[in-house]
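Only one structure is covered here, and it is reproduced in the block below.
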Amino acid sequence: MAMPTAESLLPADPAESGSAADSTVTPETQSLPLAEAIRAAQHWQRLGEFEQAQEIYRAILEEIPDEPNALHYLGILRHQQGDHAAAIELIRQAIVRIPEDAGPWVNLGNIMLTAERFDEAIDAYRQAAELAPENVLVYNNLGLLQFRRHNPESAEAAFLHALKLAPDADFVLNNFGRMLHDQGRYEEATGYSLKALKLTPDNSKARRLLSISYALLGDLGSAQQVLRDWLSVEPESAEAAHLLAGAGGIPTPARASDAYVAEEFDAFAGSFDAKLESLGYKAPELVGDALTAVLEGGLPVDAILDAGCGTGLCSLRLRSLARQLHGVDLSSGMLEKARLRGGYDGLTCAELTSFMMAHPGHWNAIVSADTLCYFGDLMPAMHAACSALRPQGILVFSVEAGDLPEPGYSLQYNGRYVHARDYVEKCVRSAGMEILTLDERILRIEVRRPVRGWIVVARRTSTEAGGNSV
């Protein structure tokens, strides 16, 4: 589930913040009054058309180098592009020119929060609160900050103050509900999610959280009803359909659909690393260490595939082990984060099973951390991995462990599959590989519970495809 994000303060009419609204600037194509030019840039910025927005902001700053709104909103744009250092500098320049405006302080706090510079974020939000004590965004974002810092009492106080200022603020209701959910206070969480849904019936985040809270309370009937209501509004929602299967409302699919995985992780990309850090996420470390242990002397091999690479967390462990490190993932948003992280010689947006099948006998090793938990039936993925490995090549992967009444797999309320040990062993061996190690480990802590997993190391024994050994 994606981590809540801080709300930005982006006024509809930048002229209201006190700069020279009747000055005229000349973006390359036309002459516009300042306020209209900034509104045009904001329009492109909200659409994600950053080049067009940037062009206008730059034109304004060439004409009026100290224009505070252009500095402020260009700073937000830099933040959206992932350049936090440039964003901080630009917004600080804006603050010098309009120190009485709470907006730049709010957004400076947001950037500091993203960069995990928590003390500076608190300072920025407190300054914003002094300037605008009735601004609900300040207290919402302060609540998120304290939530991230594992200070639940301070976070709760901030969220409750935000709701006192704006009882119908759906984003505050969502964020507070999520915090209560993560604390295991599921009944309270459902109450806030229901309030958010009444205010914004098309709020998919509230629907997801509500369904999972009901499932954790053992009320699968209510969880299913929430998801059926969601599907009645959005019949094409891959997320709602997948979660309904996890809640037992429809038959379990053999794997999560490509649409579900891509949508889920595109939405999750911006907060993925921070969220997993808060969960004590160990899968990349565990699979990386397992591969290092099996490679003789830890010497680099020719080619390693990171199958389901996400934002590239495994690259930190794999880079020194491979002369060529390639990543594949269905989420373009995740791949962009991996590209920014660096460490890969190539990245491909594709479904990992088909990608492996298209590269027979290519890899010395394939690593997959916390990706095959979106596969129930492991047979196709195991056969694809075996075919893509060179003879004696190594496969290392993690799946979530389940105590199932019969060998096999089960889809959970959260959209991930768990697998029985016997079933994992069967799939690996049937594909033409021998199991070197299969160990139980704790992958992370989620909703205050340890998530158990299997860390599997296997070697290809079949010799149907050519290639060099490890």
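The values are calculated or read from the model by the stated rules, or taken from the named source; none is laboratory data. Quick caveat: nothing in here was measured; it's all calculated off a predicted structure. Cβ sites come from the backbone with ideal geometry, for glycine too, and all protein chains shown count toward neighbours.
Does ALA128 meet the test of being of a type in the set (Gly, Ala, Ser) and without any contact (Cβ under 8 Å) to a residue 24 or more places away in the chain? In short, no.
Conditions (1) assigned to a strand (DSSP E or B); (2) touching a residue at least 12 places away in the same chain (Cβ under 8 Å); (3) farther than 18 Å from LEU347 by Cα, marked per residue:
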| site | (1), (2), (3) |
| --- | --- |
| ASP289 | no, yes, yes |
| GLY312 | no, yes, no |
| ARG323 | yes, yes, no |
| GLY327 | yes, yes, no |
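Which of the residues spanning the stretch 67-92 are surrounded by fewer than 22 Cβ atoms within 10 Å (Cβ to Cβ), farther than 13 Å from ALA53 by Cα and not charged (D, E, K, R)? Correct list: GLY82, HIS84, ALA85, ALA86, ILE88. As for the stretch 192-214, it holds no residue that is of a type in the set (A, V, I, L, M, F, W, C) and not in a helix (DSSP H, G or I).
Restricting attention to the stretch 441-470, and to residues there that are under 11 Å from LYS282 (Cβ atoms) and more than 21 Å from the chain's Cα centre (by Cα), which single residue is modelled with the highest pLDDT? Here the answer is ILE455. Among residues of the stretch 127-171 being in contact with a Leu (Cβ under 6 Å, 6 or more places away or on another chain) and part of a helix (DSSP H, G or I), the one that is farthest from ALA115 (Cα to Cα) is ASP170.
What number goes with the only condition from (1) farther than 29 Å from LEU335 by Cα; (2) without any contact (Cβ under 8 Å) to a residue 24 or more places away in the chain that PRO152 does not pass? Only one criterion is unmet by PRO152, namely (2). Looking only at residues of the stretch 162-215 that are small (Gly, Ala, Ser) and touching a residue at least 60 places away in the same chain (Cβ under 8 Å), we find that the one that is surrounded by the fewest Cβ atoms within 10 Å (Cβ to Cβ) is GLY184.
Residues in the stretch 172-190 that are outside any helix (DSSP H, G or I) and not polar (S, T, N, Q): GLY184, ARG185. A search for C-beta distances below 6 Å between a residue of the stretch 412-434 that is over 17 Å from ALA385 (Cβ atoms) and any residue that is modelled with pLDDT under 95 and of a type in the set (Asp, Glu), counting only pairs 6+ apart in sequence or on different chains, returns nothing. Suppose the filter is over 23 Å from ARG92 (Cβ atoms) and either touching a strand residue (DSSP E or B) at 6+ places or on another chain (Cβ under 6 Å) or charged (D, E, K, R) (or both); does GLU130 pass it? Against the criterion (over 23 Å from ARG92 (Cβ atoms) and either touching a strand residue (DSSP E or B) at 6+ places or on another chain (Cβ under 6 Å) or charged (D, E, K, R) (or both)), GLU130 does not qualify.
Note on the stretch 331-354: residues that are assigned to a loop (DSSP other than H, G, I, E, B) and either closer than 14 Å to ASP258 by Cα or in contact with a helix residue (DSSP H, G or I) (Cβ under 8 Å, 6 or more places away or on another chain) (or both) amount to 6.
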